[in-house]
1. Using only DSSP helix segments of four residues or longer, with each worth -39500 (n - 2.57), what per-residue ellipticity at 222 nm results for the chain after dividing by its residue count and rounding to 500?
2. For a quick check: with amide H placed at 1.01 Å from N, whose amide H comes under 5 Å from residue 82's, ignoring anything fewer than 5 positions away on the same chain?
3. For the chain, set up a GNM with springs between Cα atoms under 10 Å and report which of 161, 128, 29 has the largest fluctuation.
4. Quick check for you: with a 1.4 Å probe and neighbouring chains kept, what is the accessible area per residue of the range 9-104, in Å²?
5. How much accessible surface does residue 18 have with a 1.4 Å probe, in Å² rounded to 10?
6. Calculated FRET efficiency, residue 123 and residue 52, Cβ-Cβ r, R0 35 Å, to nearest 0.05?
7. Please list the non-local residues whose amide H lies under 5 Å from the amide H of residue 151, H modeled 1.01 Å from N, same-chain partners needing a gap of 5 or more.
8. Take every DSSP beta bridge with both residues inside the chain and express the antiparallel ones as a percent of the total, to the nearest 5.
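The values are calculated or read from the model by the stated rules, or taken from the named source; none is laboratory data. Note that the structure is a prediction, hence the values are computed from the model and not measured. Backbone-built Cβ (ideal geometry, glycine too); neighbour counts: all protein chains shown. Accessible surface is based on the protein model in full, side chains and every heavy atom, while ligands, DNA and RNA are left aside. Shrake-Rupley method; radii C 1.70, N 1.55, O 1.52, S 1.80 Å.
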Amino acid sequence: MSVEARIKLATCSLAGCFGCHMSLLDVDEGLLALIERIAFDRSPLTDRKHCAPQVDLGLVEGGVGNLENVEVLREFRRCCRCLVAVGSCAITGGVPAVRNRYSLKECLDEAYVDAIGLYQPGIPNDPELPLLLNTVRPIHELVKVDHVLPGCPPPAEAFRELICALFEGREPALSCELRRFD
């Protein structure tokens, strides 16, 4: 298959643990079969920080927890013809959204002021650090999402089914086994 006929696939990670990307890599030797159908754009495999102006499929893991996540997500959405929210964090906010039960001040005080054993207690105030949002939000609250791939993380076979289904122009068939939460 020519490079031009391949699906351009890009990935991005926001507020999460990177487990969904690891699960994608767990496709293992199946990546060799997929590589004939897809061309990776922005991803951990290419180490590109920005997408090409137009990619066919974008996979986003992680919720939106800071202003940098907002900017990255909006830029990513503009570049992706089809956007997939991957995993619990992207779909619902996931584990990072546990902090939503508390005020941002309470969270920062707990981590940086009141924690036992801190060398120099104090909330970091470095312009290089992205400004935290008051709550962690799922990506659909900020951009249009075309598909979801549930799980924490979704199993490797779910990624393969999603990519193959979209390549073949059909809805993904995600059985219960492919929607697991470890």
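1. Numbers: 6 runs with 50 residues, N = 182.
Per the formula, -7500 deg cm²/dmol.
2. When sequence neighbours closer than 5 places are left aside, the close amide H contacts are 57, 58.
3. Answer for the Gaussian network model of the chain: 128.
4. Working: 4390 Å² over 96 residues.
On a per-residue basis, 46 Å².
5. 80 Å²
6. Using R0 = 35 Å, I get an efficiency of 0.35.
7. 87, 88
8. Values: 3 of 21 bridges.
Counting only bridges with both partners in the chain, antiparallel ones make up about 15 percent.
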